[in-house]
1. Just give me the residues in the stretch 195-238 being within 16 Å of ligand 1 (Cβ to nearest atom) and aromatic (Phe, Trp, Tyr), in sequence order.
2. Within the stretch 32-41, is there a residue that is part of a helix (DSSP H, G or I) and open to solvent by less than 50 Å² (accessible area, probe 1.4 Å)?
3. Filter the stretch 158-174 for residues that are open to solvent by less than 60 Å² (accessible area, probe 1.4 Å) and among the hydrophobic types (A, V, I, L, M, F, W, C) and give the result.
4. Only one of (1) more than 16 Å from ligand 1 (Cβ to nearest atom); (2) surrounded by fewer than 19 Cβ atoms within 10 Å (Cβ to Cβ) fails for Val260. Which number is that?
5. May I ask you to list the residues in the stretch 2-14 that are surrounded by 24 or more Cβ atoms within 10 Å (Cβ to Cβ) and either under 14 Å from Leu45 (Cα atoms) or without any contact (Cβ under 8 Å) to a residue 12 or more places away in the chain (or both)?
6. Please verify whether the stretch 12-29 includes one or more residues that are within 19 Å of the chain's Cα centre (by Cα), within 16 Å of ligand 2 (Cβ to nearest atom) and closer than 16 Å to Ala111 by Cα.
7. Go through (1) surrounded by fewer than 22 Cβ atoms within 10 Å (Cβ to Cβ); (2) within 28 Å of Phe298 (Cα to Cα); (3) charged (D, E, K, R); (4) out of contact with any strand residue (DSSP E or B) (no Cβ under 8 Å at 6 or more places or on another chain) for Glu139 and report which single condition fails.
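The values are calculated or read from the model by the stated rules, or taken from the named source; none is laboratory data. The structure displayed is predicted, hence computed values, not measured ones. Every residue, glycine as well, gets a Cβ built from its backbone with ideal geometry; the counts of neighbours run over all protein chains shown. Just the protein is used for accessible areas: all its heavy atoms, side chains included, with ligands, DNA and RNA removed. Shrake-Rupley method; radii C 1.70, N 1.55, O 1.52, S 1.80 Å.
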Amino acid sequence: MARPKIALIGAGQIGGTLAHLAAMKELGDVVLFDIAEGTPQGKALDIAESGPSEGFDAALKGTNDYADIAGADVCIVTAGVPRKPGMSRDDLLGINLKVMKSVGEGIAKHAPNAFVICITNPLDAMVWALREFSGLPHEKVCGMAGVLDSARFRHFLSLEFGVSMKDVTAFVLGGHGDTMVPLVRYSTVGGIPLPDLVKMGWTTQDKLDQIVQRTRDGGAEIVGLLKTGSAFYAPATSAIEMAEAYLKDQKRVLPCAAYVDGAYGLNGLYVGVPTVIGAGGVEKVIDITLDGDEQGMFTKSVDAVKGLVEACKGIDSALA
Ligand SMILES: NC(=O)C1=CN([C@@H]2O[C@H](COP(=O)(O)OP(=O)(O)OC[C@H]3O[C@@H](n4cnc5c(N)ncnc54)[C@H](O)[C@@H]3O)[C@@H](O)[C@H]2O)C=CC1
Ligand SMILES: O=C([O-])CC(=O)C(=O)O
């Protein structure tokens with residue numbers, strides 16, 4: 001049986017890391033696409049040359065021609081611009097919206113049956129725009145953010161509790177911005193919800209509040225340290241987890257920016273929610289019950305995403 005084909009649209013920091021991870025995990029053959037001439041070709045060759053030592057079987061190709069993504073099973077989109085210190089993700093909206101238009105058209109023409117994972121920021125608005133420009137079914141287009149934000153939350157919690165990251169679960173909902181909602185009540189250590197761990201005296205509410213804020217600021221913390229761009233190892237790993245769930249029909253329960261129509265009282269909006277990802281793409285949106293405080297934070301985050309979607313419509317009349 002032929003290997004799956006994975007198209008990576010954008011061969012920058014995340015794109016290159018995605019290609020390396022996909023090859024090392026033997027998820028399929030990889031095509032790296034970018035408008036920069038030489039970059040995707042150079043990265044594809046470099047990674048292919050790591051194959052003999054690593055021992056993976058995967059073909060890698062770099063290209064500047066959308067025709068080479070033909071028939072891709074998965075497309076992961078990182079094309080666009082990352083932020084620099086002092087910028088918010090939302091500052092990227094105008095420039096990256098134009099990129100989503102050409103990427104959406106390229107995918108629609110050459111890989112209309114792919115499962116598409118958007119990473120480009122500002123994430124929730126960009127995945128909405130990419131879906132609009134591509135015209136693909138909503139369940140086949142989603143955005144990566146919740147897996148990353150939840151992984152950051154889990155990492156910080158594991159440091160606080162001094163336990164393995166494997167034993168920490170966490171969910172972060174809402175838009176991938178300053179208003180994201182780390183859900184303390186639905187996050188656990190060894191199955192014990194965080195509020196119970198406060199009652200048990202293993203941590204304090206104050207420490208949890210600080211971890212929640214560090215999670216919300218997780219992207220900015222890395223931007224401040226790197227200075228020339230944003231995080232790429234953990235973002236790439238998170239998207240690969242989603243791609244693998246689709247390719248292997250794993251039915252993973254993963255938070256992602258999914259099209260929510262009906263659940264959470266929403267009427268057709270891309271925003272971070274828990275989902276089930278399998279061979280059908282985003283097969284289910286899990287409509288968890290939120291208490292008053294959680295609902296208030298989620299509504300604020302949803303409103304921020306709605307504002308960005310309206311801004312997109314203002315910039316490109318084809319979206320209005
Ligand atoms: N959703 C999330 O959780 C995260 C999102 N991001 C976002 O991911 C995006 C990519 O980040 P990096 O890989 O670090 O950036 P990068 O600058 O290293 O790579 C972006 C690549 O896109 C290419 N590109 C630009 N316009 C293009 C077009 N029209 N078609 C094809 N390729 C094009 C550039 O040549 C460049 O190689 C940024 O928007 C960043 O903000 C970054 C981290 C996490
Ligand atoms: O912060 C950024 O600009 C990149 C990003 O979305 C993240 O790392 O969460």
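1. Selection gives Phe232, Tyr233.
2. Start the filter on the stretch 32-41 by keeping residues that are part of a helix (DSSP H, G or I), which leaves 39-41.
From what is left, the residues that are open to solvent by less than 50 Å² (accessible area, probe 1.4 Å) are 40.
For the stretch 32-41, residues part of a helix (DSSP H, G or I) and open to solvent by less than 50 Å² (accessible area, probe 1.4 Å): present.
3. Phe161, Val163, Val168, Ala170, Phe171, Val172, Leu173
4. (2)
5. Applying the first criterion (surrounded by 24 or more Cβ atoms within 10 Å (Cβ to Cβ)) to the stretch 2-14 yields 6-11, 14.
Result: Ala11, single match.
6. no
7. If we test Glu139 against (1) surrounded by fewer than 22 Cβ atoms within 10 Å (Cβ to Cβ); (2) within 28 Å of Phe298 (Cα to Cα); (3) charged (D, E, K, R); (4) out of contact with any strand residue (DSSP E or B) (no Cβ under 8 Å at 6 or more places or on another chain), just (4) comes out false.
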